[in-house]
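The values are calculated or read from the model by the stated rules, or taken from the named source; none is laboratory data. Predicted model, so just to flag it, every value in this text is computed and none were measured. Because the Cβ atoms are built from the backbone with ideal geometry, glycine has one as well, and the counts that use them run over all protein chains shown.
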Amino acid sequence: MVEARERPAAARGRLAGKVALISGTGGGQGRAAALLFAREGATVVGCDIDPQAAGETDRLAREQDLDVRSLTGIDLTDRAQVDRWIEYAVELHRGIDVLYNNASRPRYAPFAEMSDGDYRFTLEHELTLVWYCCQAAWPHLIARGGGAIVNVGSIAGMLGAPGFPMSAHAATKGAVIALTRQLAAEGAVHGIRVNTISPGVINSPPVKRMARELGDAAPFTGLIRNTITGAPGEPEDVAYAALYLACEESRWVTGTNLVVDGGATVLAPPG
């Protein structure tokens, strides 16, 4: 009798047998990642503050026979609600392997005009929630013997944009990139890899709305013009980068910032 051999990981799916937590699964990059990770064999536990949007993602997953389940109405700036999400996944699946901190809700205004309320809102919804989720997941990743954390930064955390009033957004995303490096340093002894993805302009609903309303006057027009395609990226472009950082193919990659911007930060015309 010939003993069956285990299929290679690529044949079984790049995340086969992994439990992946993804925040902000209600649309855009979060929805794209939830469906992609599940197609690659992961059991996905998502969350979103919008029940209707998250429910639509779960419905799309069911249509494709994918294992995606989202907790809805979760406010990730509330530590108790973060703990509820993490513990839900751990109790349901006896542990977690991947945390993808996708959720983000910035507010924009010129630096001199931004209110204290909008500044604090941006800090809480772009930096504090990443801190909370990483801290809540940390002991479970240690118990698992290691795992992967993927944080979402932005090219806003790497460069200035004179026509785009995004000082608070730039500050938080720069902080996420720095936090990632430190967590990678502290997590190495536990087998926890921590990396950042920094997207450029992605064809998300807010970008579509601004492009429709402002046309060439939209503040990101120059960045889009400088990409390799002359167009914004798609949510799937970021999701595939996250997949790489979440799976075993990147087992020797930690503390890095993977820029997914179509070359916008390097293809700008001289002068």
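Looking across region 171-221 at every residue that is free of Cβ contacts under 8 Å to residues at least 60 places away in the same chain and among the basic types (K, R), the one that is surrounded by the most Cβ atoms within 10 Å (Cβ to Cβ) is identified as K173.
Taking the conditions exactly as written (within 22 Å of V150 (Cα to Cα), surrounded by fewer than 17 Cβ atoms within 10 Å (Cβ to Cβ), over 17 Å from the mean Cα position of the chain (by Cα) and at pLDDT 95 or above), does G17 satisfy them or not? Don't jump to the end; show me each part of the working.
Values: within 22 Å of V150 (Cα to Cα): yes; surrounded by fewer than 17 Cβ atoms within 10 Å (Cβ to Cβ): yes; over 17 Å from the mean Cα position of the chain (by Cα): yes; at pLDDT 95 or above: yes.
Yes: the conditions hold for G17.
Residues in region 39-75 that are closer than 26 Å to T122 by Cβ and of a type in the set (D, E, K, R) were compared, and the one that is surrounded by the fewest Cβ atoms within 10 Å (Cβ to Cβ) is D75. L214 passes every criterion in (1) closer than 19 Å to R107 by Cα; (2) at pLDDT 95 or above; (3) assigned to a helix (DSSP H, G or I) apart from (2).
Could you list, in sequence order, all residues of region 93-121 that are within 26 Å of V194 (Cα to Cα), free of Cβ contacts under 8 Å to residues at least 60 places away in the same chain and touching a strand residue (DSSP E or B) at 6+ places or on another chain (Cβ under 9 Å)? Result: R94, single match.
Scanning region 236-271 for residues that are closer than 21 Å to P206 by Cα and either in a strand (DSSP E or B) or acidic (D, E) (or both) yields E236, D237, V259, V260, D261. Against the definition (within 22 Å of A34 (Cβ to Cβ), of a type in the set (D, E, K, R) and surrounded by 20 or more Cβ atoms within 10 Å (Cβ to Cβ)), how does E91 come out, yes or no? In short, no. Taking region 29-121 and the strands (runs of 3 or more DSSP E) fully enclosed by it, the elements with 2 or more residues that are of a type in the set (V, I, T) are at 43-48, 68-72. Suppose the filter is over 18 Å from the mean Cα position of the chain (by Cα), free of Cβ contacts under 8 Å to residues at least 60 places away in the same chain and within 30 Å of P139 (Cβ to Cβ); does R225 pass it? Against the criterion (over 18 Å from the mean Cα position of the chain (by Cα), free of Cβ contacts under 8 Å to residues at least 60 places away in the same chain and within 30 Å of P139 (Cβ to Cβ)), R225 does not qualify.
Tell me yes or no: at least one residue of region 224-235 is among the polar types (S, T, N, Q), modelled with pLDDT under 95, under 25 Å from L76 (Cα atoms) and not in a helix (DSSP H, G or I). Checked against the condition, which is being among the polar types (S, T, N, Q), modelled with pLDDT under 95, under 25 Å from L76 (Cα atoms) and not in a helix (DSSP H, G or I), region 224-235 yields no hits at all.
For region 27-47, check the following and say yes or no: at least one residue is modelled with pLDDT under 95, within 17 Å of A242 (Cβ to Cβ) and not charged (D, E, K, R). Quick ask: steps written out before the conclusion?
Filtering region 27-47 for residues modelled with pLDDT under 95 gives 27-28.
Narrowing further to those that are within 17 Å of A242 (Cβ to Cβ): 27-28.
Checking which are not charged (D, E, K, R) leaves us with 27-28.
Yes, that holds for at least one residue.
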